[in-house]
Every structure is written in C-alpha cells, then in structure tokens.
1. Restricting attention to the range 180-204, report how many residues are over 20 Å from GLY159 (Cβ atoms) and either touching a helix residue (DSSP H, G or I) at 6+ places or on another chain (Cβ under 6 Å) or hydroxyl-bearing (Ser, Thr, Tyr) (or both).
2. What number of residues within the range 181-234 satisfy the criterion of being small (Gly, Ala, Ser) and within 13 Å of the ligand (Cβ to nearest atom)?
3. Taking only the range 34-73 into account, find how many residues are in a helix (DSSP H, G or I) and farther than 23 Å from ASN180 by Cα.
4. Scan ALA107, ALA127 and give me the residue that is within 28 Å of GLU174 (Cβ to Cβ), part of a loop (DSSP other than H, G, I, E, B) and either without any contact (Cβ under 8 Å) to a residue 60 or more places away in the chain or of a type in the set (Gly, Ala, Ser) (or both).
5. Quick one: is ILE136 touching a Pro at 6+ places or on another chain (Cβ under 7 Å), at pLDDT 95 or above and among the β-branched types (Val, Ile, Thr)?
6. Go through the range 167-180 and give me each residue that's in contact with a Gly (Cβ under 7 Å, 6 or more places away or on another chain), modelled with pLDDT of 95 or more and more than 16 Å from the ligand (Cβ to nearest atom).
7. Restricting attention to the range 138-163, which residues are more than 30 Å from GLN63 (Cβ to Cβ) and touching a Lys or Arg at 6+ places or on another chain (Cβ under 9 Å)?
8. Got a sec? Which helices (runs of 4 or more DSSP H) wholly within the range 169-234 have at least 1 residues that are within 30 Å of ARG94 (Cα to Cα)?
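The values are calculated or read from the model by the stated rules, or taken from the named source; none is laboratory data. What you are looking at is a predicted structure, and each value in this text was computed from that prediction instead of being measured. Here the Cβ positions follow ideal geometry from the backbone for every residue, glycine too, while neighbour counts run over all protein chains shown.
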Amino acid sequence: MISRRTVLQGLAAMPFAGVAGAGFAAQTPTGPFTLPALAYPFAALEPHIDAETMQIHHDRHHQAYVTNLNAALAKVPALSKVQSAEGLCKQLDRLPEEIRTAVRNNAGGHVNHSMFWSQMKPGTAGAPTGPIADAINGTFGSYEKFQAAFEDAGLKRFGSGWVWLARTKAGKLEIVSTPNQDNPYMDGGVPILGNDVWEHAYYLKYRNKRADYLKAWWNVVNWDAVNAQLKAAK
Ligand code: MN
C-alpha cells in the first residue's frame with residue numbers, strides 16, 4: 001500500500017502533463033477547474049446540432065463534470081495545484097484510490113468535452129486540409145474511408161462513450177472507441193479528434209438514430225483545431 005504522501009510526492013515531481021500548444025489545453029490548467037466558454041452561440045451548429053442540445057450539454061453536463069472533479073480533488077488539495085486535467089487522466093493509477101474513479105469519470109469528462117467544443121465550429125463543411133488530411137489519407141486511404149471507419153466505431157460503441165482518432169502509445173494513428181468518459185490519454189495515447197456518442201449529445205434531435213448524428217457531425221468539424229491537436233501530439 002502506497003502512502004498518500006508518497007503518491008503526492010510522486011505526482012508533484014512529474015512535469016505538468018498537459019498538451020502544450022493545443023488550443024483547448026489553455027482552457028484546462030490546474031485546478032480548481034472551470035467550464036470553458038463556447039467560442040460560438042448555442043445555435044451556431046444548427047441544423048446539425050440543435051441549440052437546446054448544445055445548451056444542456058455544455059451548461060449542465062460539462063458543468064457537472066467540472067463540479068464533480070473539483071469536489072473529488074478537494075479531498076486531496078495538493079493534487080489540483082500540480083496537475084492539469086489531462087495530466088490526471090494520464091496518471092490515474094497513481095491517484096489515491098478514494099478519488100480515482102471520480103477523477104477518471106470527471107477529469108475525463110472535462111478533458112473530453114473541452115476538446116469537443118473546440119473541435120467544432122459553424123459552417124466548416126468540407127474535407128480536412130493540411131497535415132491532418134495527409135495523415136488521414138496516408139493511414140486510411142481517403143477521407144471517405146476514414147469517415148466510414150470512424151462512424152462504424154462510433155455506432156458500435158455499446159452504451160455511452162466516445163469515438164476517437166488517436167495517436168496510440170506505440171505512435172500509430174488509429175480509430176479507437178472508449179466507454180463512459182475514458183479517453184486515449186488513459187491508455188498512454190493522445191486524442192487527435194473525438195466525437196461524443198453519449199445519447200445526451202444527440203437524442204433530442206436524432207432520437208435513436210446515432211448513425212445519422214455521426215454522419216451529420218462532419219459538417220461542423222473544425223479542422224484547424226484538429227491540425228493544432230495533431231501538431232501538439234507529436
Ligand atoms: Mn457529453
């Protein structure tokens with residue numbers, strides 16, 4: 001059994017584990033954590049994502065992850081001062097057991113949603129450009145093949161979770177899916193692009209048709225933000 005003192009010393013000794021240079025990382029410094037503001041109005045992603053879904057998703061769901069993360073970290077105050085939310089996701093095994101599950105769910109929720117909002121913007125319909133286009137074409141053959149594989153992985157996620165394009169621990173670009181609020185950081189990787197396939201992300205508009213949501217979502221992907229994340233992941 002590792003003492004709490006040992007755990008905290010170990011964590012404090014590690015450098016901040018945020019992703020330097022990523023657009024969204026600036027919104028998730030060390031705790032206490034706050035809800036990042038959306039860079040566009042709730043209705044900006046219509047008709048693909050409706051305003052009511054955006055408002056509830058951002059103001060209630062994401063806020064709850066932030067609130068619950070701060071509540072968990074308040075039990076171990078030294079932690080929140082030395083770790084970014086991404087850093088916490090990378091080191092779950094080193095956290096005191098009493099807060100590990102709460103941090104997994106809520107630091108995960110905070111990191112995932114912060115990136116999600118920043119990787120969408122109105123009126124971006126079109127294929128990716130720049131390094132992410134080269135990476136997608138090189139790995140999957142074409143944007144269309146990548147889309148099909150990404151949608152398929154999102155559709156096959158049973159229950160709640162996320163679908164990602166991620167750089168894995170081994171340095172490979174892969175499509176992966178995680179349950180709940182888990183993310184690629186927890187497996188030693190880095191998320192490059194993520195879509196939320198929890199029902200709360202689409203049910204008001206798309207009801208049970210997750211496939212339609214996955215297809216429509218491409219219309220609002222902010223490829224500039226994805227390129228920034230790809231650069232930060234290297
Ligand atoms: Mn969500």
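1. Step one: list which residues in the range 180-204 are over 20 Å from GLY159 (Cβ atoms), which gives 185, 188-190, 192-193.
Cutting the leftovers down to either touching a helix residue (DSSP H, G or I) at 6+ places or on another chain (Cβ under 6 Å) or hydroxyl-bearing (Ser, Thr, Tyr) (or both) gives us 185, 190, 192-193.
Residues flagged as over 20 Å from GLY159 (Cβ atoms) and either touching a helix residue (DSSP H, G or I) at 6+ places or on another chain (Cβ under 6 Å) or hydroxyl-bearing (Ser, Thr, Tyr) (or both) within the range 180-204 amount to 4.
2. Filtering the range 181-234 for residues small (Gly, Ala, Ser) gives 188-189, 194, 201, 211, 216, 225, 228, 232-233.
Checking the rest, the ones that are also within 13 Å of the ligand (Cβ to nearest atom) come to 194, 201.
Number satisfying all stated conditions: 2.
3. First pass over the range 34-73, keeping only residues in a helix (DSSP H, G or I): 42-45, 51-73.
Now restrict to residues that are farther than 23 Å from ASN180 by Cα: 42-45, 51.
Within the range 34-73, residues that are in a helix (DSSP H, G or I) and farther than 23 Å from ASN180 by Cα number 5.
4. On the way: ALA107 fails: part of a loop (DSSP other than H, G, I, E, B).
Testing whether each residue is within 28 Å of GLU174 (Cβ to Cβ), part of a loop (DSSP other than H, G, I, E, B) and either without any contact (Cβ under 8 Å) to a residue 60 or more places away in the chain or of a type in the set (Gly, Ala, Ser) (or both) leaves just ALA127.
5. Working: touching a Pro at 6+ places or on another chain (Cβ under 7 Å): yes; at pLDDT 95 or above: yes; among the β-branched types (Val, Ile, Thr): yes.
So ILE136 fits the description; yes.
6. As a first pass, look at the range 167-180 and keep what is in contact with a Gly (Cβ under 7 Å, 6 or more places away or on another chain): 167-169, 177-180.
Filter once more, keeping what is modelled with pLDDT of 95 or more: 167, 177-180.
Matches in the range 167-180: ARG167 only.
7. Within the range 138-163, the first condition is being more than 30 Å from GLN63 (Cβ to Cβ), and the residues that meet it are 138-149, 152.
Matches in the range 138-163: THR139, GLN147.
8. Details: elements: 203-206, 210-216, 223-233.
Qualifying helices (runs of 4 or more DSSP H): 223-233.
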